[in-house]
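Reading through the structure tokens given below for one structure.
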Amino acid sequence: MRILIIEDDIQLNNIISKHLREAGYAVDCCFDGENGLYYMESTEYDCVILDWMLPKRDGLSVLRSYHGHSRCAPVLMLTARDAVTDRVVGLDAGADDHPLFL
């Protein structure tokens with residue numbers, strides 16, 4: 001299973017990727033929305049973990065652009081935003097789930 005992590009906090013990105021690799025997953029990482037969208041469109045992933053607040057291009061913008069793509073992997077939003085309205089916005093933008101709050 002191949003997973004993409006798009007998270008600008010280097011320490012958090014490293015922690016998540018380390019645990020996923022130890023669990024046997026193939027993991028790619030990037031740290032901004034532009035690179036994240038490039039990875040999403042150029043490689044087939046089984047799952048994408050996407051931060052909402054990213055440099056260069058925010059997670060919602062990435063998600064909206066990606067869902068026009070032909071091979072869409074499930075996307076989990078990773079965010080500190082925990083209001084119900086934020087969850088609805090993320091799900092409406094195309095996230096498959098919005099469970100990860102930090």
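Data overview
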{"read-out": "Protection-proxy order for peptides 36-46, 14-24, each taking the mean of Cβ atoms within 10 Å per residue, highest first", "value": "36-46, 14-24"}
{"read-out": "Virtual spin-label span in nm between residue 53 and residue 12, 7 Å along Cα→Cβ", "value": "0.8 nm"}
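Coordinate-derived values only; no laboratory data. Fair warning: this is a prediction, and the values are worked out from it, not measured in the lab. Note that each Cβ is placed from the backbone with ideal geometry, even for glycine, and that neighbours are counted across all protein chains shown.
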